[in-house]
Amino acid sequence: MYWQLAVERITSRWTGQNLVSRVIPVDPFDIVIFGATGDLARRKILPALFHRFVVGQIPDEARIIGTARRDINPCAFVAMVRNDLHAFASTAASKTEALTRFLERLQFVRLDATGDMGWSDLTGFLRPELKRAFCFSVSPTLFGPIAAKLYTTGVAHSESRIVVEKPFGHNLYAAQQLNASLLRNFSERQIYRIDHYLGKESVQNLMALRFANALWEPLWNARHIDHVQITVAESIGVSGRGEYYDSSGAMRDMIQNHLMQLLCLTAMEPPTRFEPNAVRDEKVKVIKALQPVRSMDVVRGQYSARDGKDGYRDHAGNADSLTECFVALKVNVGNWRWASAPFYLRTGKKLRARSSEIAIMFRDPPHMIFQDSEWPRGNALIIRLNPNEGITLHNTIKDPGPGGFRLTDVSLDMAFASALGDLEKPQDAYERLIMDVVRGDQTLFMRGDEVEAAWSWIDPIIATWEDARDVPLPYEPGGSGPEMADVLLRRDGREWRAIG
């Protein structure tokens, strides 16, 4: 599990042992990737499996079976994967012996997800005594049909797991239909709804920071915290995926899943134990405690063209698009812990920099004794998700030197890359999550009722926009979004942290 590996990392630094030798391998397994010739499988899933193989976590007896409708032979599939690993796992791919051994684990079956072609061939590759994991790296419209085929053909057995990529529906009704279609053939304990944000080292360290340290939990409430800011900013636009994005928008694509997960982990009560359902029960409670969002507490934006081109509508191919690619909103959690301490969520495309963080903004001391000093107000705990994953604590100290008692802000900073410097590279989120699937650990995966609860809260916000034909506010690329997003905080006497 994650905690076991984390302890091994620390131990290896103290003892000088090589971390690779301390990684505990999983039992042999068969993993099947539907859509193995697609972008997600080639850029993320297969490189993640290869990295775990290189460090010895995947045994030689494991097999990876790719499937797709594409008419290529197994040798061509292996050659494609070899090239992809050199492109997307370049450092590890330089280990020639490991690469050769990994490629020997690969098989390919041409298969029609909704027809009969290839299913009997797939059955012949699988070993009845081993655990089986099925990754659905395909369009969400195929999730239900593939799950049904796995069951009716007997390809799946009681120890099988299915991995479902987002989006989990387009709204509450679609999410309910999707969950129902999966549950007709698999139990909830077999379904792994993957959100790669939950696999990030810094996101998991948020739980460790809160629940493994006596320092923070007494302060983790509205009595000591003024507000929380969660920002996921991207410097790129939607060029290349504009048609897909225009049917979803930032609220569905980012708020409903990624930022919702960050909010839940920040706001949740301590679970009784670090166990899948105990953790997910507390996350569901947070979502159900979210109060309805007032229209004045939401800002929608759409990046404009620069020099008459490359605006959002150009990239989306829709000159009249009302789809938002920026959202900022004020969220109130209706419980005792967070009453009067709002959460401000912000995400957008074409902003100043790529930057994701959770900022815990503490209240000022109740009485300031340094009356004549200029006061850099506000302690803050910053959990950086990317880039440069780590944790920063802002403190106020005396500015060194004579000439009066001046206060200044200093940071206690921990970057994971330097603190855990024995690692060759930080693990990609998919590496950890796929290994959790094989182990049968659902802690970092979303449960069906959690997905539906999130949609129940999101849907009324989207419905209000659609009923009013609300037009997103334009904003200049390379900035921090629409000016009204700044007003959202200023009217509460607060301001956003700078992006980047």
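The values are calculated or read from the model by the stated rules, or taken from the named source; none is laboratory data. It should be emphasised that the depicted structure is a prediction, and the values quoted were computed from it without experimental measurement. FYI the Cβ positions are ideal-geometry reconstructions off the backbone, even for glycines, and counts take in every protein chain you see. Note: accessible area is taken over every heavy atom of the protein model, side chains too, but ligands, DNA and RNA are not part of it. Shrake-Rupley method; radii C 1.70, N 1.55, O 1.52, S 1.80 Å.
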Cβ-Cβ distance below 7 Å, separation of 6 or more or different chains: which pairs start in region 30-56 with a residue that is polar (S, T, N, Q) and end on one that is buried (at least 24 other Cβ atoms within 10 Å of the Cβ)?
none
Report, ordered by the first and then the second residue, all pairs with beta carbons closer than 9 Å, sequence separation of six or more or different chains, a first member in region 315-329 that is free of Cβ contacts under 8 Å to residues at least 40 places away in the same chain, and a second member that is open to solvent by 10 Å² or more (accessible area, probe 1.4 Å).
A319/R313; D320/R313
Look through L46, L111, L99 and report the one residue that is more than 25 Å from I194 (Cα to Cα), aliphatic (A, V, I, L, M) and in contact with a Leu (Cβ under 8 Å, 6 or more places away or on another chain).
L99
Which of the residues spanning region 87-106 are surrounded by fewer than 18 Cβ atoms within 10 Å (Cβ to Cβ) and either of a type in the set (G, A, S) or more than 15 Å from F53 (Cβ to Cβ) (or both)?
A87, S90, S94, A98
Every residue in region 317-375 that is out of contact with any Gly (no Cβ under 9 Å at 6 or more places or on another chain), farther than 30 Å from K398 by Cβ and of a type in the set (F, W, Y), please.
W336, W338, F343, Y344
Any idea how many residues of region 452-500 are among the small types (G, A, S), touching a helix residue (DSSP H, G or I) at 6+ places or on another chain (Cβ under 7 Å) and open to solvent by less than 30 Å² (accessible area, probe 1.4 Å)?
2
Going through region 158-198 one residue at a time, which ones are farther than 25 Å from L385 by Cβ and among the hydroxyl-bearing types (S, T, Y)?
S158, S160, Y173, S181, S187
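Provide a single number: the residues in region 224-237 that are open to solvent by 20 Å² or more (accessible area, probe 1.4 Å) and under 14 Å from M361 (Cβ atoms).
Matching residues across region 224-237 total 2.
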Inside region 202-217, can you point out the residues that are among the aliphatic types (A, V, I, L, M), out of contact with any strand residue (DSSP E or B) (no Cβ under 9 Å at 6 or more places or on another chain), touching a residue at least 12 places away in the same chain (Cβ under 8 Å) and surrounded by fewer than 19 Cβ atoms within 10 Å (Cβ to Cβ)?
A208
Candidate set from region 157-166 (those that are out of contact with any Lys or Arg (no Cβ under 6 Å at 6 or more places or on another chain) and open to solvent by 40 Å² or more (accessible area, probe 1.4 Å)); member that is nearest to I255 (Cα to Cα):
K166
Set V293, V284, V333, V298: member being in contact (Cβ under 8 Å) with a residue 40 or more places away in the chain and closer than 22 Å to H196 by Cα
V284
Can you find a residue that is out of contact with any Pro (no Cβ under 6 Å at 6 or more places or on another chain), among the acidic types (D, E) and not in a loop (DSSP other than H, G, I, E, B) anywhere in region 124-141?
no
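Residue-by-condition table, conditions (1) surrounded by fewer than 22 Cβ atoms within 10 Å (Cβ to Cβ); (2) under 17 Å from L111 (Cβ atoms); (3) not β-branched (V, I, T):
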site	(1), (2), (3)
I24	yes, no, no
F34	no, yes, yes
G38	yes, yes, yes
K44	yes, no, yes
L49	no, no, yes
I64	no, yes, no
A68	no, yes, yes
Only one of S181, S235, S248 is modelled with pLDDT of 90 or more, in contact with a His (Cβ under 9 Å, 6 or more places away or on another chain) and polar (S, T, N, Q), namely S248
Residues of region 301-335 being under 30 Å from E269 (Cα atoms) and open to solvent by 20 Å² or more (accessible area, probe 1.4 Å), in sequence order, are K330, N332, G334, N335
Under 21 Å from the mean Cα position of the chain (by Cα) and either farther than 30 Å from D449 by Cβ or open to solvent by 10 Å² or more (accessible area, probe 1.4 Å) (or both) - does that describe any residue in region 290-300?
yes
It is to be established whether one or more residues within region 170-183 are closer than 15 Å to F134 by Cβ and among the hydrophobic types (A, V, I, L, M, F, W, C).
yes
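Which ones in region 306-362 are of a type in the set (V, I, T) and either part of a loop (DSSP other than H, G, I, E, B) or more than 19 Å from P482 (Cα to Cα) (or both)?
Answer for region 306-362, where residues must be of a type in the set (V, I, T) and either part of a loop (DSSP other than H, G, I, E, B) or more than 19 Å from P482 (Cα to Cα) (or both): T323, V333, I358, I360.
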Residues that are touching a strand residue (DSSP E or B) at 6+ places or on another chain (Cβ under 8 Å) and at pLDDT 90 or above: does region 452-464 have at least one?
yes
Can you tell me how many residues in region 137-156 are touching a Lys or Arg at 6+ places or on another chain (Cβ under 7 Å) and exposed (fewer than 15 other Cβ atoms within 10 Å of the Cβ)?
0
